[in-house]
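Visitor: Quick one: this structure, given as structure tokens, is what I'll be asking you about.
The values are calculated or read from the model by the stated rules, or taken from the named source; none is laboratory data. Note that the structure is predicted; figures quoted are calculated from it, not measured. For accessibility, only protein heavy atoms count, side chains too; no ligands or nucleic acids. Shrake-Rupley method; radii C 1.70, N 1.55, O 1.52, S 1.80 Å.
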Amino acid sequence: MPPTSWAVLGLLSFGQELSGYDLKKWADWSLKFFYWSPSYSQIYGELKRLEKAGYAVSRVELTESTRGKRVYAITDEGRAAVSRWARDAPVEPPVLKHGVMLRAWLGHLMEPERLREVIEQHREYSDRMSRLAEADAEGAAEVAEWAYPEMVLRWSKRYYEAERDLARQMLDDLEELARRPPPKPEGGEYDRIRK
């Protein structure tokens with residue numbers, strides 16, 4: 001199964017029956033800081049896959065409204081499978097797809113002030129995410145069963161602080177770059193790299 005299936009199954013492993021809506025809220029509260037912020041369609045697609053594999057079961061919970069709510073729970077087989085995956089899956093390097101750095105890498109194609117704005121927006125976003133992760137870690141600290149999610153949320157806070165600080169350093173680098181004399185045209189940069 002793909003890692004996203006394990007993430008959804010992992011959310012169910014905390015022992016509660018959860019609806020797709022609940023799973024989305026939990027993912028946005030925790031997983032978004034370090035892995036993935038799924039859409040509802042992704043969550044429901046993963047839940048179908050997990051049920052088909054025998055790792056989750058669902059039932060309709062009657063509510064006061066006319067429609068019932070479908071809730072999902074992990075099976076013993078699902079708990080064993082996600083435990084095996086967490087324990088035995090190979091340690092893979094994280095995949096970094098940093099859109100802001102791709103844009104900075106292409107900085108020669110935009111105005112310097114626009115590039116500064118992009119990096120400043122990223123710095124502000126990272127600062128905001130750091131504060132949110134800290135608040136969510138404090139909330140997790142209130143529930144003993146959430147000790148490991150709390151630990152990862154504290155890691156997430158530090159990660160976003162580092163991103164914020166790196167963006168600030170990049171803004172300083174842009175200032176320094178602006179003070180340099182313009183390079184003399186001597187042929188293509190690609191030709192120089194190939195030699």
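Visitor: By how many nm would the segment from Glu124 to Arg180 lengthen if fully extended, with 0.36 nm per residue of separation less the alpha-carbon distance?
Guide: Gain on extension, Glu124 to Arg180, equals 17.5 nm.
Visitor: Region 72-158: D in µm²/s via Stokes-Einstein (Kirkwood Rh, Cα pairs, 4 °C, 1.567 mPa s)?
Guide: This corresponds to a translational diffusion coefficient of 78 µm²/s.
Visitor: Probe radius 1.4 Å, ligands and nucleic acids ignored: give me the carbon and sulfur share of the accessible area of the chain as a rounded percent.
Guide: C and S atoms contribute 55 percent here.
Visitor: Now for a different question. Once the convex hull of the C-alpha atoms of the chain is built, how many Å³ does it hold per residue, rounded to a whole number?
Guide: About 183 Å³ per residue, rounded to a whole number.
Visitor: What pairs from Lys24/Lys97; Lys97/Lys157; Lys25/Lys97; Lys32/Lys69; Lys48/Lys157 go past 30 Å between their alpha carbons?
Guide: Cα-Cα > 30 Å for Lys48/Lys157; rest within.
Visitor: If you roll a 1.4 Å probe over the heavy atoms of the protein chains, what accessible area per residue do you get for the chain, in Å²?
Guide: Ligands and nucleic acids excluded, the result is 70 Å² per residue.
Visitor: Right, something else. Which value, in nm² and rounded to one decimal, describes the direction-averaged projected area of the C-alpha convex hull of region 26-139?
Guide: For region 26-139, averaging the hull's shadow over all directions gives 11.6 nm².
Visitor: Identify all lysines with a Cα-Cα distance to Lys184 below 26 Å; exclude those on the same chain that are fewer than 8 residues away in sequence.
Guide: Lys195
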